[in-house]
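Q: I'd like to ask you about the structure that follows.
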Amino acid sequence: MCVTCGCSDGAEPTLTNLATGETTSLADPTAEHTHTLPNGQTLTHRHGPPDNASHAHNHDHGHDHGHDHDHNHPHSPNDPPHSHPDSQLPTPDSRLPHSLHTLELNVLAKNDLIAAQNRGWFEGRDVLALNLVSSPGAGKTTLLTQTLNDLKDRLSFAVIEGDQATLHDAERIRATGCGVVQVNTGTGCHLEAEMVRRGVQTLQPPAHSVLMIENVGNLVCPALFDLGERAKVAILSVTEGDDKPLKYPHMFRASQIMLLNKIDLLPYVSFDVDRCIAYARQVNPDIQVFPLSATSGEGLDHWYAWLLDQVNTLK
Amino acid sequence: MHELSITQTIIDTVIEAAQGASVRRITLEIGELSAILPDSIQFCFDACIPNTPLAGAELDIKTIPGRGRCRTCGHEMPLDMPYGICDQCDSLAIDIVAGQGLVILSMETVPCA
């Protein structure tokens, strides 16, 4: 990720608008941009393959010294015989003038700044943005399509889908009639705030709507990247281990609620719901937990009540 | 593996800050509760810097231990996970007060001849 603009150069992320079918690169190599360093200097750069007009390159060059190298002790004819190991001799490099620069730069600061801008945009329009996180296969997309179908007469929704590749999930969302863009992160394993910013520019979610951001299936990396959401919603299915909250504490600590999905399968799997909830509260005493099944519909009313309550707090 | 994109961010940041000077050493501070592995950052750094202005630079990583403060009684304690139990009052409500950061502390440069 570029610290300046948030582009994930090298990962080749793309954004696809399902309404138009248009795909654009989120790391546009032609997008030259300018920014200001902490010392006030202005720099212009671009991402992607370098062109002939502006590129960084390495070259070998010699450093000539116009002076003799001295040793740090005098020699006299009376000295006992001795030698100097190479390691004690100054290397040419260490004799070059060099300087120490204090930077103290937070590496994630740029992402956090864009996330704060996203959050301001959402708050200014009373848009409820939620970041749905889980491991692959926990049922995020099924839960999301069920939620859209059940609540679309009461709430206005827009969806940003995140996956490394394919439009499969976005097409499932589009089938509900909901506006959706797909972010393909390429080699990236999480959504970053800039991707959400670009997705929002394309989607233009209306005021008082709900923006669902379905993150890449991954319980590690998405925990570190603020997208500007109101809350992270962790989805854990009972086909996974009940100790997942302890195994992936960063994610469950960062989430405001945990949806325990696929409870219709509890008779067939070894999963202790109470133990799982206790582990989640050990990591995050404030986490709210809603056991539910997106396929049978059991427990969905608690999740919907939470969602409607969140929307009402915006108005 | 978020360490790769994070390492690319570190490299971009340092190249920009160096303004054309050769960089000989970079010092990073990584919190032990940051979910960022120093070994992975070192691996990605070594893999990414050839053919960049940072080629040959050394990476010096300092780790910062985790610390928590009990929300109930205010007691401070070391943390080796991003959660814990207060050893004074058994509360689980622990705020993390240190060990979550990732900071480029400094760089050492040599002017290009």
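The values are calculated or read from the model by the stated rules, or taken from the named source; none is laboratory data. None of these values were measured; they are calculated from a predicted model. Every residue, glycine among them, receives a Cβ derived from its backbone with ideal geometry; neighbour counts consider all protein chains shown. Remember, those area values only see protein heavy atoms, side chains included, never the ligands or the DNA or RNA. Shrake-Rupley method; radii C 1.70, N 1.55, O 1.52, S 1.80 Å.
Q: Mind listing the phi-derived Karplus ³J(HN,Hα) values for region A:165-173, rounded to whole Hz, using 6.51, -1.76 and 1.60 with θ = phi - 60°, and x for any glycine or proline?
A: Working through the residues one at a time gives 8, 6, 9, 4, 5, 4, 5, 5, 5 Hz.
Q: If you don't mind, another one. Average partner chain C-beta neighbours within 10 Å, per residue of B:16-25? Walk me through the numbers on the way to the answer.
A: Values: counts 8, 9, 1, 5, 1, 3, 5, 2, 6, 2.
If you average over the peptide's residues, the count of other-chain Cβ atoms is 4.
Q: Go through region A:139-150 residue by residue and turn each phi into a ³J(HN,Hα) via Karplus (6.51, -1.76, 1.60, θ = phi - 60°); whole Hz please, and just put x for glycine and proline.
A: Listing the rounded values in order: x, 4, 6, 4, 4, 5, 5, 5, 4, 4, 5, 6 Hz.
Q: Could you tally the net charge around B:ARG69, taking each other residue with its Cβ under 13 Å from the Cβ of B:ARG69, Lys/Arg +1 and Asp/Glu -1? Numbers along the way, then the final one.
A: On the way: positive: B:ARG67, B:ARG71; negative: B:GLU76, B:ASP87, B:ASP95.
With Lys, Arg at +1 and Asp, Glu at -1, the neighbours total -1.
Q: What figure in square angstrom, to the nearest 10, would you give for the accessible area of A:LYS247 with a 1.4 Å probe?
A: Number for this one is 130 Å².
Q: Figure the gain on full extension for B:ARG25 and B:THR52 (residue separation times 0.36 nm, minus the Cα-Cα span) and round it to one decimal in nm.
A: Taking B:ARG25 through B:THR52 to full extension adds about 8.3 nm, to one decimal.
Q: Now a separate question. By how many nm would the segment from A:THR176 to A:ASP126 grow when fully extended, if each residue of separation counts as 0.36 nm and the alpha-carbon distance is taken off? Please report the intermediate quantities before stating the final value.
A: Working: separation 50, 0.36 × 50 = 18.00 nm, distance 2.31 nm.
Length gained between A:THR176 and A:ASP126: 15.7 nm.
Q: Which cross-chain or sequence-distant (5 or more) residues have an amide H under 5 Å from the amide H of B:GLY68, H modelled 1.01 Å from N in plane?
A: Excluding prolines and chain starts, which carry no amide H, the hits are B:MET77, B:LEU79, B:VAL97.
Q: Would you calculate the separation in nanometres between label points at A:ALA19 and A:LEU314, each defined as 7 Å from the Cα along the Cα-to-beta-carbon direction?
A: Going from the A:ALA19 label point to the A:LEU314 one covers 1.7 nm.
Q: What is the average number of partner chain Cβ atoms found within 10 Å of a Cβ in B:82-92? All intermediate terms of the calculation are to be shown ahead of the outcome.
A: Details: counts 9, 11, 2, 1, 0, 0, 0, 0, 0, 1, 6.
Taking the mean over all residues of the peptide, I get 3.
Q: Rounded to the nearest 100 Å², what is the buried accessible area between A and B, both sides summed, probe 1.4 Å?
A: Chain pair A/B: roughly 3700 Å² of buried accessible area.
Q: For A:PHE157, enumerate residues with amide H under 5 Å from its amide H, sequence gap 5+ or separate chain, H modeled in the peptide plane.
A: Answer set, sorted by chain and number: A:VAL210.
Q: If you add up the charges near A:CYS178, with Lys and Arg at +1 and Asp and Glu at -1, over every other residue whose beta carbon is less than 13 angstrom from its beta carbon, what do you get?
A: Summing Lys and Arg as +1 and Asp and Glu as -1 gives -3.
Q: What is the extension gain from A:ASP150 to A:ASP112, computed as 0.36 nm multiplied by their sequence separation minus the C-alpha to C-alpha distance, in nm to one decimal?
A: Between A:ASP150 and A:ASP112, full extension yields 10.3 nm more.
Q: Which sequence of B:CYS73, B:CYS48 reflects their accessible areas, 1.4 Å probe, from the largest down?
A: Most to least solvent-accessible, the answer reads B:CYS73, B:CYS48.
Q: Moving to a separate point now. Show the residues, 5+ positions off or on another chain, whose built amide H is closer than 5 Å to the amide H of B:ILE61.
A: For B:ILE61, whose amide H was placed from the backbone, the distant partners under 5 Å are B:LEU28.
Q: For the pair B:PHE43 and A:VAL269, how long in nm is the line joining their label points, each one 7 Å along Cα→Cβ?
A: Computed distance between label sites B:PHE43 and A:VAL269 equals 2.9 nm.
Q: Through the Karplus equation 6.51 cos²θ - 1.76 cosθ + 1.60, θ set to phi - 60°, convert the phi angles of region B:47-61 into ³J(HN,Hα) values in whole Hz; use x for Gly and Pro.
A: Here the 3J(HN,Hα) series is 6, 8, 7, x, 6, 10, x, 9, 3, x, 6, 9, 10, 10, 10 Hz.
Q: Among B:ALA17, B:ALA35, B:ALA98, which one moves the most in a GNM of chain B with springs linking Cα atoms closer than 10 Å?
A: In this elastic network of chain B, the residue with the biggest mean-square fluctuation among B:ALA17, B:ALA35, B:ALA98 is B:ALA17.
Q: Over region A:108-314, average the accessible area per residue using a 1.4 Å probe and give it in Å², no decimals. Walk me through the intermediate numbers first.
A: Details: 7670 Å² over 207 residues.
Value for region A:108-314: 37 Å² per residue.
Q: I've got another one for you. Sum up the charges of everything whose Cβ sits under 10 Å from the Cβ of B:LEU105, counting Lys and Arg as +1 and Asp and Glu as -1, but leave B:LEU105 out.
A: Numbers: positive: B:LYS62; negative: A:GLU104, B:GLU29, B:ASP60.
Taking every other residue near B:LEU105 into account, the sum is -2.
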